[in-house]
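Remarks on the structure that follows.
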Amino acid sequence: MPTTTERDPFDRLTPGTQALVLTPSLQSPLATLPTGAFENLLVVSSTRPPRKVEQFVRDRGGDPNKVGVVPVSGSPVDYDGPLWTTSVVHPNDLTGIHDRFDRAMVHVKPGDGWVVFDNVNVLLMYAERAAVGQLVDSMAATTRERAARGVFALVRDAVTDSTYDRFGDTMDVELDRRDG
């Protein structure tokens, strides 16, 4: 899988491309997406509630009405704002995550849309690596079939080499954002 550390590698992702994005532990991949991604974006967020995602979108000059969120949290999520959201799903409920993701994908425009999973590591704390790998594989395949750009963030320094290799196997490109 090709790896790049160039300044704005997201700009080069073509429709259908799925990227494993290596991030520092506290950085959201939303902070580095190109502006155009916010025109049609679905975020599977395991690290930030919808109101924080909305703030990221606003900070980047995006329209929250064009962004959807699948909130993945062990706590209740109360949100009544412009983002379109699904009901909250617990991080150990991989079937529930998949179901909400599938239903939300109808809002992702073929050829134009983006899907961001903001931190795969969170699921690894609640479920077996193989099951999380199957979920990510399925999400990437669905995103690819929809001709949407997929961004799957992984905190590389927090996983073993074999876990890292597992998630990279089904991606088209790796983007290393740990230094930038």
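The values are calculated or read from the model by the stated rules, or taken from the named source; none is laboratory data. Treat the numbers as computed from the prediction; the structure is a model and nothing was measured. Because the Cβ atoms are built from the backbone with ideal geometry, glycine has one as well, and the counts that use them run over all protein chains shown. For the accessible areas, the whole protein counts, side chains as well, though only heavy atoms, and no ligand, DNA or RNA atoms are used. Shrake-Rupley method; radii C 1.70, N 1.55, O 1.52, S 1.80 Å.
Remark: D80 falls outside the filter, which requires a residue to be open to solvent by 30 Å² or more (accessible area, probe 1.4 Å), assigned to a helix (DSSP H, G or I) and either within 23 Å of E145 (Cα to Cα) or at pLDDT below 95 (or both). Within the range 46-72, the set of residues being within 24 Å of P110 (Cβ to Cβ), part of a loop (DSSP other than H, G, I, E, B) and open to solvent by less than 50 Å² (accessible area, probe 1.4 Å) comprises just one member, G62. Could you list, in sequence order, the residues of the range 83-101 that are free of Cβ contacts under 8 Å to residues at least 40 places away in the same chain and part of a loop (DSSP other than H, G, I, E, B)? Of everything in the range 83-101, those that are free of Cβ contacts under 8 Å to residues at least 40 places away in the same chain and part of a loop (DSSP other than H, G, I, E, B) turn out to be L83, T86, S87, V88, H90, N92, D93. Restricting attention to the range 163-180, the residues being in contact (Cβ under 8 Å) with a residue 12 or more places away in the chain, surrounded by fewer than 20 Cβ atoms within 10 Å (Cβ to Cβ) and either assigned to a helix (DSSP H, G or I) or under 13 Å from the mean Cα position of the chain (by Cα) (or both) number 3. Might you check whether a residue that is more than 16 Å from L94 (Cα to Cα) and in contact (Cβ under 8 Å) with a residue 60 or more places away in the chain occurs anywhere in the range 119-137? For the range 119-137, residues more than 16 Å from L94 (Cα to Cα) and in contact (Cβ under 8 Å) with a residue 60 or more places away in the chain: absent.
Filtering the range 33-81 to residues that are touching a Lys or Arg at 6+ places or on another chain (Cβ under 7 Å) and over 27 Å from L94 (Cβ atoms) leaves T35, F38, E39, P64. Any idea which residue in the range 115-162 is least open to solvent (accessible area, probe 1.4 Å), counting only those that are among the charged types (D, E, K, R), in a helix (DSSP H, G or I) and in contact with a Lys or Arg (Cβ under 9 Å, 6 or more places away or on another chain)? Among those that are among the charged types (D, E, K, R), in a helix (DSSP H, G or I) and in contact with a Lys or Arg (Cβ under 9 Å, 6 or more places away or on another chain), it is R156.
Within the range 17-26, the set of residues being open to solvent by 10 Å² or more (accessible area, probe 1.4 Å) and either within 21 Å of M139 (Cβ to Cβ) or touching a strand residue (DSSP E or B) at 6+ places or on another chain (Cβ under 8 Å) (or both) comprises T17 only. Of all the numbered requirements in (1) out of contact with any Ser or Thr (no Cβ under 6 Å at 6 or more places or on another chain); (2) surrounded by 14 or more Cβ atoms within 10 Å (Cβ to Cβ); (3) in a helix (DSSP H, G or I), V43 misses one, and that requirement is (3).
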